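First up is the structure itself, then whatever we jot down about it.
Nothing in this text is a laboratory measurement; each read-out follows from the coordinates by a stated rule. Source: prediction; values computed, not measured. Cβ placement follows ideal geometry from the backbone for every residue including glycine, while neighbour counts extend to all protein chains displayed.
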Amino acid sequence: MDTVVKSIESVDPYAGPHAIAGIRFRAVGKALGVEAWGMNVLEVDAGCDLYPEHDHVKDGQQEVYVVLRGSATLRTPNGEQRLSVGDMALVAPAVTRKLVPGADGVTLLAIGATPGQPYASNL
């Protein structure tokens, strides 16, 4: 297909054994047929502190977070940064990060790939 159009809500959230209450993980890149990078939408409810602290040392993946709705705090060893609608944050593979939703929750577009390597989905 040359063009694929979907709404975020049309992509079912992950419902497997690693699903986390208060977080909807939507594999939108896979749903659209993206093959060059990983792309997911994360919806984190207000008050949910279960988004896992993590890094990407093992796979070397850079991540970019784009806030689509709401707000969040991005916690890293370098401190905390408030992210609002339209903000973008690049996080290097070795940086431990945690996202904490704001008062109205947050919807983020997360884009990731490993520099200099072909993309391989881990889903």
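I'd like the distance between the alpha-carbon centres of the range 79-108 and the range 22-47, rounded to an integer number of Å.
That distance is 15 Å.
If I stretch the segment between Ser10 and Arg82 completely, what's the gain in nm (0.36 nm per residue apart, minus their alpha carbon distance), one decimal? Could the numbers behind the result be given before it?
On the way: separation 72, 0.36 × 72 = 25.92 nm, distance 2.86 nm.
Full extension from Ser10 to Arg82 adds 23.1 nm.
Would you mind giving the average projected area, over all directions, of the Cα convex hull of the range 1-43 in nm² with one decimal? If you can, show how the numbers build up before the last one.
Details: hull surface 13.7 nm².
If you wrap the Cα atoms of the range 1-43 in a convex hull and average its projections, you get 3.4 nm².
Would you calculate, for the chain, the mean residue ellipticity at 222 nm contributed by helices, counting each DSSP H stretch of 4 or more residues as -39,500 (n - 2.57) and dividing by all residues, to the nearest 500? Don't skip to the answer; put the middle values down first.
On the way: 1 runs with 5 residues, N = 123.
So the calculated ellipticity at 222 nm is -1000 deg cm²/dmol.
Local charge sum around Val11 (other residues, Cβ-Cβ under 12 Å, Lys/Arg +1, Asp/Glu -1)?
Taking every Cβ under 12 Å from that of Val11, the sum is +1.
Note the per residue figure in Å³ for the convex hull of the C-alpha positions in the range 8-113.
102
Check the straight Cα-Cα distances from Lys30 and name the aspartates and glutamates below 13 Å, setting aside those fewer than 8 residues away within the same chain.
Straight-distance partners of Lys30: Asp12.
Would you mind computing, in nm to one decimal, how far apart the modelled labels at Gln117 and Asp49 are, each placed 7 Å from Cα along Cα→Cβ?
If labels sit at Gln117 and Asp49, their model points lie 3.3 nm apart.
What translational diffusion coefficient, to the nearest whole µm²/s, does the range 56-123 have by Stokes-Einstein, given a Kirkwood radius computed over alpha-carbon pairs, a temperature of 20 °C and 1.002 mPa s viscosity?
On the way: Rh = 12.6 Å.
Rounded, D is 170 µm²/s.
Over the range 8-113, what relative contact order in percent results from Cα pairs under 8 Å that are six or more residues apart?
Values: 253 pairs, mean separation 33.8, N = 106.
So the answer I get is 32 percent.
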